[in-house]
Amino acid sequence: MEPQNYKIYVFFNTQLPISMPLSPFFSVVIPTYHRNDLLVKCLDCLAPGRQTLSADQYEVIITDDGSHATAEKIVLKYYTWAKWVAGSSLGPACNRNNGAKYTQGEWLVFTDDDCLPDPQWLEAYRKAIAAQTACLVFEGRVYVERPRRSFGETAPVNESGGYLWSCNFAIHRQLFEFLGGFDERFPYAAMEDVDLRLRITKSKHKFIFVKEAAVCHPWRYKGNWKQLKKRQESVLLYLSIHPDQFTHLNYRFFIKSFIRTVMTALTSVRQLNFYEIKEVFEQSIYFLRMSIFVVIKSFLIL
């Protein structure tokens, strides 16, 4: 990187001095795990010339938690402009932190291996940073490519902001390091980004929604009961770390979610196949279980 001019900002809420380049260099971090077919589509969107931002203004780090069929050979052969690093196999939170360790940019931009960044993705973040020089966190739009076809499909859609999903956001590396990155106590792909969002908010930092910084997140199936069990563990861990969040994630929240799931199924019962009915049943049981667990958890913690 060439030497750049800097503006210096001091944020009194964290006593964190930030060196802000007038023309920032981005480090894109992509965690992956045995999804090489999806990863190559993501990388194709970030290849030099595909982004409107000049290729010399960003780098791409692929941090790979795979134990077999890793992406290393694919990256070395077809994506020589990107950097592959081995993950620690301790879950998505740890894997993202691992990728961040190898970055050189002032700004870290996170997306997932199943996302498809729009051509103006990084350029939109650059413009937002230039326009909002006091802001250290930005979130981008997450959209789907088509209407939902099945009850079992899900996607972390973000059309208006306020979520800070880990599949599309930018953060200044000094703030990321100051916060300790993602909490590595979260072993699964659930609640680790909610936890980071809460810690950013508690540190008095605001994040701004940048609609033009968009990625397409294809629909994926919600998974089986094992996936719901992992989410259950993640939610309970989140509440253990942040007991003040019982005011939001309480039994009322999960009862309402249970009712919403059942009502959605009833309105489309003639369209549901066997697997979707099974999905409805498992989700309903999950929400009922969580309503009980959060009550027990709240008595044990509070």
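The values are calculated or read from the model by the stated rules, or taken from the named source; none is laboratory data. As the structure is a computational prediction, the values presented were derived from the model and not from experiment. Here the Cβ is made from the backbone with ideal geometry for all residues, glycine too, and neighbour counts use every protein chain on show. SASA here: full protein model, heavy atoms, side chains in, ligands and nucleic acids out. Shrake-Rupley method; radii C 1.70, N 1.55, O 1.52, S 1.80 Å.
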Using modelled amide H (1.01 Å from N, peptide plane; none on Pro or chain starts), what sits under 5 Å from the amide H of residue 58, excluding residues fewer than 5 places away? 26
Please sort 115-127, 148-160, 233-245 by packing, taking for each peptide the average over its residues of neighbouring beta carbons within 10 angstrom, highest first. 115-127, 233-245, 148-160
Residue 288 and residue 148 label points (each 7 Å along its Cα→Cβ direction) are spaced in nm at 2.2 nm
Of 201, 191, 228, which is farthest on the positive side of the dipole of the stretch 183-233, counting Cα position, with +1 on Lys and Arg Cβ, -1 on Asp and Glu Cβ, and the Cα centre as origin? 228
Kyte-Doolittle mean at least -0.5 and Cα extent at least 20 Å along the axis: which DSSP H helices of the chain qualify? 225-241, 251-267, 274-301
Give me the dipole magnitude in Debye, nearest 20, for the stretch 218-300 about the Cα centre, with unit charges on the beta carbon: positive for Lys and Arg, negative for Asp and Glu. 120 debye
As a Kirkwood estimate from alpha-carbon pairs, the stretch 251-300 has a hydrodynamic radius in angstrom of 11.4 Å
Environment charge at residue 117 (Cβ cut-off 12 Å; Lys +1, Arg +1, Asp -1, Glu -1): -4
Distance from the stretch 48-127 to the stretch 261-302 (C-alpha centre basis), Å: 35 Å
Here, residue 208 and residue 222, labelled 7 Å along Cα→Cβ, have an inter-label distance in nm of 3.7 nm
Check: the chain dipole with +1 on Lys, Arg Cβ and -1 on Asp, Glu Cβ, in debye: 920 debye
Under Karplus coefficients 6.51, -1.76 and 1.60, residue-wise ³J(HN,Hα) of the stretch 56-71 in Hz, glycine/proline x: 7, 10, 8, 10, 10, 10, 9, 9, 10, 8, x, 9, 9, 6, 5, 8
Amide H to amide H under 5 Å from residue 163: which residues, 5+ apart in sequence or cross-chain, H placed 1.01 Å off N in plane? none
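Could you estimate the translational diffusion coefficient of the chain from the Stokes-Einstein equation, with Rh from the Kirkwood formula over C-alpha pairs, at 25 °C and 0.890 mPa s, in whole µm²/s?
Using the Kirkwood radius from Cα pairs, D works out to 119 µm²/s.
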Among the lysines, select those whose C-alpha is under 27 Å from the C-alpha of residue 229, and discard any that sit fewer than 8 residues away in the same chain. 256, 278, 297
Of 186, 253, 287, the one that fluctuates the most in a GNM where the chain has Cα springs shorter than 10 Å: 253
Antiparallel as a % of all DSSP beta bridges within the chain, to the nearest 5? 45 percent
FRET E, pair residue 201, residue 77, Förster distance 30 Å, beta-carbon r, rounded to 0.05: 0.10
For the stretch 23-88, what does the accessible surface come to per residue with a 1.4 Å probe? Please give it in Å². 46 Å²
